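Novice: One structure, as structure tokens, below. Some questions next.
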Amino acid sequence: MQATADEVLIGRIASGDRLAMQVLFARHHVRVYRFVLRLVRDESTAEDLISEVFLDVWRQAGRFEGRSAVSTWLLAIARFKALSALRRRPDEELDDETAAGIEDPSDSPETALEKKDKSAIIRKCLTGLSAEHREIIDLVYYHEKSVEEVALIVGIPENTVKTRMFYARKRLAELLKAEGIERGWP
Amino acid sequence: MNTINKERDDLETLLPWHAAGTLNRRDAERVEKALASDRELLRRFNLAREELNETIHLNETLGAPSARAMEKLFAAIDAEPVRKPKVSFDLAGRIAEFITSFSPRTLAVAGAVGALAIVLQAGVITTGLIKHEAGTEVASRQVDVPPTLGLASAESDGTLAAIRFTPKAEVGQITTFLLANKASMIDGPMTGGIYTIRLPESGKAKEDHIKLMQAQSTIVDFIATKQ
């Protein structure tokens, strides 16, 4: 049985179908939440923001033109909401230099041991990237967005998407090197 | 040499998307071809795959929002003004929903049957034309058609066209295409995935419009005037 396409759900939502809204929310809210959470780094704020994202969908469904995938549209709205929230609290946003230099206060002997594990170190360094770099890494690797889709979500040219991804990975390599992992690239 | 380096740099920037499987076929083939002969590029591709794995792992450990998010959303929706149902009959939307209800296999079979039907139809038309040129048969065929089914409705059906969409055309694209061309869905899908649409023009203007629609080959597989 084929699931109802997102585009069809959006059409129903535009007509005020509450059930269609529930289906769309169930299908996408976790990924949207994780995308927002990685940007704002606060669970409560992220939860508030996804409510706002889907409320925008409810209000604007009639204007959705189907030029992109619904998931791409959702992430674009979510990104706008997250950046607006960050602008409201600029002091709390960390740049990559600061974040990378912060020691994890929960470092227990077990944690320290875990950090010897390469995978855990890579994940720590992924967390230490700037918001801009975290965003593009997540969109490409986790949200499986193409170059064109990332360009739509972030609002930058496709070539800039490629170069930004390159610099995000380069920064990641630098953070890994600081943690003792030399990748030989770039 | 510079050209070779530029090509390699270009391919290298595509590695993250290749690891995620989101490159178009052409670029994916370019990258695959290069990976087969370039060990250093392959090593860097494996670095991208490593990043991909850990990014997924990291995101999957972020958990999910509590029920509060959903409760807040639907409380806000309940507080919104009640929407009046659309008065207009959204044929494009309904047909979009109808299309998506088919499985890919059903659509493929429908497409194959449609292709066969077109071949048969082409044969019938060609035969008719040959006979017409020979000055025979056409008049007697018209006589055979009951007036209520044929000639009487021909004038009112002057704006109709038969259309089949490409298998790759997405529902959203079809809907946008119909709206952009001010076309409304009248009937279908018939055998072979053929739909009947109504166009705003008739006569020569309709013929010209159909040619323009046919040019949109990413969406339109087949379109012809329907009498």
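Novice: Extension gain B:Lys33-B:Thr61, at 0.36 nm per residue separation less the Cα-Cα distance, in nm?
Specialist: 6.6 nm
Novice: Once the other residues with Cβ under 9 Å from the Cβ of B:Asp10 are scored (Lys, Arg +1; Asp, Glu -1), what is the net sum?
Specialist: +1
Novice: Okay, next question. In terms of Cα to Cα distance under 25 Å, which lysines are near enough to A:Lys118, apart from those fewer than 8 places away along the same chain?
Specialist: A:Lys170, A:Lys177
Novice: Another question, then. Any idea how far the Cα center of the stretch B:166-219 sits from the one of the stretch B:1-51, in Å?
Specialist: Here the two parts' Cα centres lie 39 Å apart.
Novice: Then there's this: Give, as a single signed number, the net charge of other residues whose beta carbon lies under 12 Å from the beta carbon of A:Val53, with Lys and Arg counted +1 and Asp and Glu -1.
Specialist: My count for the surroundings of A:Val53 gives +1.
Novice: Same structure, new question: Using θ = phi - 60° and the Karplus form 6.51 cos²θ - 1.76 cosθ + 1.60, what ³J(HN,Hα) does each residue of the stretch A:132-145 get, whole Hz, x for Gly and Pro?
Specialist: 4, 6, 4, 4, 6, 4, 5, 4, 6, 8, 8, 8, 6, 9
Novice: Moving on. Applying 1/(1 + (r/R0)^6) with R0 = 45 Å to the Cβ-Cβ distance of B:Glu71 and A:Ile156, what FRET efficiency is obtained, to the nearest 0.05?
Specialist: Here the calculated transfer efficiency is 0.80.
Novice: Which FRET efficiency value, to the nearest 0.05, is calculated for B:Arg8 and B:Lys182 with the Förster distance at 35 angstrom and r the Cβ-Cβ distance?
Specialist: For R0 = 35 Å, the calculated efficiency reads 0.10.
Every number here is computed from the coordinates shown, using simple stated rules; none is lab data. Everything numeric here is computed off the predicted structure, so don't read it as measured data. Cβ coordinates were reconstructed from backbone atoms using ideal geometry, including for glycine residues, and neighbour counts include every protein chain displayed.
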